Amino acid sequence: MNNSVGNAGRLLWAGLRALLVLTVLTGVLYPLAVTAIAQVAFPGKANGSEVKDASGKVVGSALIGQTYLAGGKPDLKWFQPRPSNGLGANSVNTRYKLILSGATNRSGDNADLIRWVKDAKAAVVKDNSVAGHTVEPSDVPADAVTSSGSGLDPHISPAYAKLQVHRVAEKNHLPVARVDKLVADHTDDRILGFIGEPRVNVLELNTALRELVAGQ
């Protein structure tokens, strides 16, 4: 009886010691080591890929898209991101539908999706056709009228960014060439030269646009 109690005590003490050691190693030391390495090696990504304006204020994350609205409609002085329609309402974060991230889950021949795309294309043509520059329906790229799989894509194609140049230039009283150069400066090439497609981060582009307008 005493041997059984003693053995049980030794086993419990051994288990407790193992628990304490593993807790310190995996719950304290390992997370601290990983955090320290991340902060030294790539602090920007480790801290959420924050985007800051000229004053150092954090305006968002380069990983998450934002909408640019005025009165519930697209604010046409800014470059617009991909649509995030079909994801439902979100009263928590009105800058983007973060809580309801996801695709529309409609098939290519779905009547609702077809209507959304047609309406979006008509809006893109109307919004971006300015005096001396008319946008044709054939000029509208797919990412201008469809949401991404997550609905939160922070990037648009260079084609969609360039399509918006004349409208942004007119609304902000800027030369078209200057806005076009701004897009070119914020166009990222394929990763390693062959992975993915060229892309433009809308938040970073609009942050640079805000600084350009403020400096006029």
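Within the stretch 188-202, is there a residue that is small (Gly, Ala, Ser) and at negative phi? First the steps, then the outcome.
Restricting attention to the stretch 188-202, the residues satisfying the condition of being small (Gly, Ala, Ser) are 193, 196.
With at negative phi added as a condition, the list becomes none.
No: the stretch 188-202 contains no residue that is small (Gly, Ala, Ser) and at negative phi.
Is it fair to say LEU205 is at pLDDT 95 or above and more than 21 Å from PRO83 (Cβ to Cβ)? Can you show your working first?
On the way: at pLDDT 95 or above: yes; more than 21 Å from PRO83 (Cβ to Cβ): no.
No, not satisfied.
May I ask you to list the residues in the stretch 130-154 that are part of a helix (DSSP H, G or I) and hydroxyl-bearing (Ser, Thr, Tyr)?
Passing the criteria: only SER138.
Specify the residue that is surrounded by the most Cβ atoms within 10 Å (Cβ to Cβ); the eligible residues are those in the stretch 161-175 that are of a type outside the set (D, E, K, R) and touching a strand residue (DSSP E or B) at 6+ places or on another chain (Cβ under 8 Å).
Of everything passing the filter in the stretch 161-175, ALA161 is surrounded by the most Cβ atoms within 10 Å (Cβ to Cβ).
Every residue in the stretch 145-190 that is closer than 29 Å to GLY108 by Cα, touching a residue at least 12 places away in the same chain (Cβ under 8 Å) and of a type in the set (D, E, K, R), please.
If the condition is that a residue be closer than 29 Å to GLY108 by Cα, touching a residue at least 12 places away in the same chain (Cβ under 8 Å) and of a type in the set (D, E, K, R), then ASP153, LYS162 are the ones that fit.
The values are calculated or read from the model by the stated rules, or taken from the named source; none is laboratory data. Remember, predicted model here, so these are calculated numbers, not experimental data. All Cβ positions, glycine included, derive from the backbone under ideal geometry; neighbour counts span all protein chains shown.
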